[in-house]
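Worksheet for the structure shown next.
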Amino acid sequence: MIGVLAIQGDVSEHVDAAKRALEKMNENKEVVLVRRPADLEKVTHLVIPGGESTTISRILERVGLRDSIIRRAREGSIAIMGTCAGSILMAKKVVDDSRVKTLELMDMEIQRNAFGRQRESFEMPVYIEGIGDFPAVFIRAPIIKSCHGDCRVLSRIRDGILMAKQERFLALVFHPELTNDTRIYEMFLKM
Ligand code: GLN
């Protein structure tokens, strides 16, 4: 089963996007909401949606999901994709912000709200390694400042990194669920 973390943020958009991708891949898998540690046991893939990373991290810890996700990730029994706020949760370090207690899964540094107020939300085509041009939607997006260790850059612009991969983990600062393009989802579901 494919899980979507259903704590806060654009959960239903991710459920729909996952279903679209599965259909396109002719895969007969179910998409389920993950709210408690027990929900996590059933899934091989987990999506962490965009939303508010401070809120998501606080509730993750309160319901005991932070520890269960970290345990599954260390066991190597789950693939995880974090988008926007979700990408913040994937990082080992958040620049100048101690309010988000992340899952510390990827060797990267990320900065919240990196595009400034006048560009709160916008769409821009970006080049992604292994995919090509992709219509990326940014909403109060963070930016990945640096990747080190086993973390690999999949997309970058002048200001920094937009998408990265490490083992079974993907982080992207934009919102693939808000386009009809399922290629990023397909890449993730094959992991
Ligand atoms: N600005 C949000 C944060 O820092 C992320 C925005 C989003 O997920 N669309 O958590």
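Rg(Cα) of region 83-191 divided by 2.2 N^0.38 Å? Present the calculation step by step, with values, prior to reporting the outcome.
Numbers: Rg = 12.8 Å, N = 109, 2.2 N^0.38 = 13.1 Å.
For region 83-191, the normalised Cα radius of gyration is 0.98.
I'd like the Karplus ³J(HN,Hα) series for region 58-67: coefficients 6.51, -1.76, 1.60, θ = phi - 60°, whole numbers in Hz, and an x wherever there's a Gly or Pro.
Rounded to whole hertz, the list is 5, 6, 3, 5, 4, 8, x, 7, 4, 5.
Return the single residue from Lys93, Lys29, Lys165 with maximal mean-square fluctuation; model: Gaussian network over the chain, springs between Cα atoms under 10 Å.
Lys29
Starting at the first residue of region 46-52, write each ³J(HN,Hα) from the Karplus equation 6.51 cos²θ - 1.76 cosθ + 1.60 with θ = phi - 60°, in whole Hz, x for Gly and Pro.
Values per residue, Gly and Pro as x: 10, 9, 9, x, x, x, 10 Hz.
Counting only residues 5 or more places away or on other chains, whose amide H sits under 5 Å from the amide H of Glu104 once H atoms are built in the peptide plane?
Ala91
What list of ³J(HN,Hα) values in whole Hz, one per residue of region 12-29 in order, does the Karplus curve 6.51 cos²θ - 1.76 cosθ + 1.60 (θ = phi - 60°) give from phi, with Gly and Pro shown as x?
After applying 6.51 cos²θ - 1.76 cosθ + 1.60, I find 5, 4, 6, 4, 4, 5, 5, 5, 4, 5, 4, 4, 4, 7, 6, 9, 9, 10 Hz.
For Val126, enumerate residues with amide H under 5 Å from its amide H, sequence gap 5+ or separate chain, H modeled in the peptide plane.
Phe134, Ala136
Tell me, what is the Rg over Rh of the chain, with Rh the Kirkwood radius over Cα pairs?
On the way: Rg = 15.0 Å, Rh = 16.2 Å.
Rounded to two decimals, Rg over Rh is 0.93.
May I ask for the distance between the Cα centers of region 135-163 and region 23-97, given as a whole number of Å?
Their Cα centres are 19 Å away from one another.
Spit out the partnerless Cys residues in the chain, using Cβ distances under 4.7 Å as the pairing rule.
Lacking a cysteine Cβ partner under 4.7 Å: Cys84.
Shape of region 1-63 from its Cα gyration tensor (a ≥ b ≥ c, root eigenvalues): rounded if a/c is under 1.5, otherwise prolate when a/b > b/c, or oblate? Walk me through the numbers on the way to the answer.
Numbers: a/c = 3.42, a/b = 1.63, b/c = 2.10.
Oblate, because a/c is 1.5 or more while a/b does not exceed b/c.
Over 18 Å between C-alpha atoms is what I'm after, so list which of Lys19/Lys92; Lys42/Lys92; Lys93/Lys190; Lys19/Lys190 land there.
Numbers: Lys19/Lys92 30 Å; Lys42/Lys92 26 Å; Lys93/Lys190 27 Å; Lys19/Lys190 14 Å.
Pairs exceeding 18 Å: Lys19/Lys92; Lys42/Lys92; Lys93/Lys190.
Considering only region 79-176, what is the antiparallel percent among its DSSP beta bridges, to the nearest 5?
On the way: 22 of 29 bridges.
Percent antiparallel among DSSP bridges in region 79-176 is about 75.
Bear in mind that the values in this text are calculations on the coordinates, not laboratory data. Every value quoted in this text rests on a predicted model; they were computed, and no experiment measured them. Methodologically, a virtual Cβ is constructed for each residue, glycine included, from the backbone with ideal geometry; neighbour enumeration extends over all protein chains shown.
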